[in-house]
Amino acid sequence: MVDERDFLDEIIEESTELDSQFPALLAAAEQRRELLRTLVSKRQSKGLSQTTVAALMKTSQSAVARLEGQEDAKESMIDRYAAAIGVQVKRTVVEVEDREPVAA
C-alpha cells in the first residue's frame, strides 16, 4: 500500500503534536481564505475592477490585489473591501466543545 501523505500532511501532524489547538487554528485560517475567495468572486460577478474597489476603499489597486491574494487578512480590511463591493460580512460566536482556551 502506498503512503498518500505528502509534505503538508507531515507538517500538520508535526504542528499538531507541538500544539493540540493547531487543527482548530488551521480550520479558522481556511475559513478566512474561503471568505476572501467568496468576496473576490462577488466583486467579479458585479463587474467591479480592482481599481474601482481601490478608489472606493481610498487605497491603491496594488493594495487590493495584495488583499485578494492573501491567505489571512485583517478583519478590518475585509470589512472595508466588503463595503466597497456592496456586501457585508457577518460573524457569529459559537462555543467549541472540548477545546481549551488558547493563548493569544
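For the chain, what does the relative contact order come out to in percent, with C-alpha contacts under 8 Å and a separation of six or more? After rounding, I find 23 percent.
Work out the FRET efficiency for residue 49 and residue 76 from their Cβ-Cβ distance, taking R0 = 22 Å, and round it to the nearest 0.05. With R0 = 22 Å, the Cβ-Cβ based efficiency is 0.50. Matching the structure-derived P(r) over Cα pairs in 10 Å bins from 0, in percent against the labelled list (i) 13, 31, 17, 13, 12, 9, 4, 1, 0; (ii) 12, 30, 38, 15, 5, 0; (iii) 13, 36, 25, 20, 6, 0 gives the label (iii). Among 52, 94, 7, flag the residue with its Cα farthest along the positive direction of the charge dipole of the chain, charges on Cβ as +1 for Lys/Arg and -1 for Asp/Glu. The residue sitting farthest along the positive end of the dipole is 52. Residue exposure proxy: 26, 39, ordered by other Cβ atoms within 10 angstrom of their Cβ from fewest to most, comes out as 26, 39. Angle between the Cα long axis of helix 22-45 and the longest principal axis of the chain, 0 to 90 degrees, nearest 10? The two axes meet at around 20 degrees.
Principal-axis analysis of the Cα atoms of the chain puts helix 7-18 at an angle of about 70° to the longest axis.
Label sites at residue 7 and residue 31, each approximated as a point 7 angstrom past Cα along Cα to Cβ, lie 2.9 nm apart.
No value in this document is a laboratory result; all are computed from the given coordinates. Please read all numbers here as calculations on a predicted model, not as lab measurements. Glycine also receives a Cβ, built like all others from the backbone with ideal geometry; neighbour counts cover every protein chain displayed.
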